[in-house]
1. Do the sum for the chain: with -39,500 (n - 2.57) for every DSSP H run of n ≥ 4, divided by all residues, what is the mean residue ellipticity at 222 nm, to the nearest 500 deg cm²/dmol?
2. What does the net charge come to around S155 if you take all other residues with beta carbon closer than 11 Å to its beta carbon, with K and R at +1 and D and E at -1?
3. Set the bar at 28 Å for Cα to Cα. Now go through K166/K202; K63/K166; K105/K141 and name every pair that lies beyond it.
4. Using 0.36 nm per residue, how much length does the chain from K152 to E27 gain when fully extended, once their Cα-Cα distance is taken away?
5. For a distance above 27 Å, tell me the whole-number percent of Cα pairs in the chain that qualify.
6. What distance in nm separates the two pseudo spin-label positions at N57 and V118, each 7 Å out from Cα along the beta-carbon direction?
7. So, counting K/R as plus one and D/E as minus one, what does the shell of residues with Cβ under 15 Å around D36 add up to?
8. Just the number, please: percent antiparallel of the DSSP beta bridges in region 24-140, rounded to the nearest 5.
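No lab work stands behind these numbers, since they all come straight from the coordinates. Just so we're clear, the structure is a prediction, and the values are computed from it rather than from any experiment. Cβ coordinates were reconstructed from backbone atoms using ideal geometry, including for glycine residues, and neighbour counts include every protein chain displayed.
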Amino acid sequence: MRDIVLIGSKAESNIKSLVVSEIELLEFTLNLANIDALIFTSKYAIKSLANNADRLNDHTWKKIPSFVIGKSSADYLRQMGGKIEYIGEDSHGDGFANEIIPLLKDRNPLYIRAKKIVSHINEKLIHQKIKLHEVVGYENKIKKLDSKLAPKPNSILIFTAPSHYKAFLSNFKWDGSYIAVAIGMTTFGVFDAGVNAFVSPKQSIQACIELAEELNTRLP
């Protein structure tokens, strides 16, 4: 049987994990006076906004309708007391942007994002004349790891963000026998040519694990 390894910024108790990066939540000022929509493509963005709101004792963001890219992030937003207007059907950043563009016409949305982003949702919205405001809420920092920590050949590697794949390659050489599982199309899109990869049917870590286990039973 192949090893199944979750590659990410946080270890999970129910799966072998390799932490290749760490998330730093950043401080920023809240100016929500003219904001009538919030855009989230990550749980970390939600957590960063909530932390800054606590620090500044300003929780008006919870009353502002939110546009969220996936169900897991939407569930987390509900837990934090946020107000959801739309949950994206497409897990790919470009597809999500196309879904929300018609809904954001004549509105002033705020996009809380990572320092470095892959999907360029911001550029797409601005190109469509959306009056987009942006704030950098978190940064994904690559860890330096010992080469001995590299997964065994033939392992099934689960990636839950494009940055995790890049952080992995910063530490280890890609073995041609590896199989990659992506949590969504944005992550799948950063894989290099020749990578044997699959996309999870649902955008959650548990769904990725279930797909990896299925692959483990039917692949030689």
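1. On the way: 7 runs with 66 residues, N = 220.
My calculation for the chain gives -8500 deg cm²/dmol from helical runs alone.
2. Numbers: positive: R2, K16, K152; negative: D3, D175.
For residues surrounding S155, the net value is +1.
3. On the way: K166/K202 22 Å; K63/K166 36 Å; K105/K141 34 Å.
Check vs 28 Å cut-off fails for K63/K166; K105/K141.
4. Working: separation 125, 0.36 × 125 = 45.00 nm, distance 3.88 nm.
Fully extending the segment from K152 to E27 adds 41.1 nm.
5. Details: 8289 of 24090 pairs.
Result for the distance tail: 34 percent.
6. Going from the N57 label point to the V118 one covers 4.1 nm.
7. Numbers: positive: K62, K63, K83, K105, R107, K131; negative: E85, D106.
Charge balance near D36 sits at +4.
8. Numbers: 2 of 18 bridges.
Taking every DSSP beta bridge within region 24-140, about 10 percent pair in antiparallel fashion.
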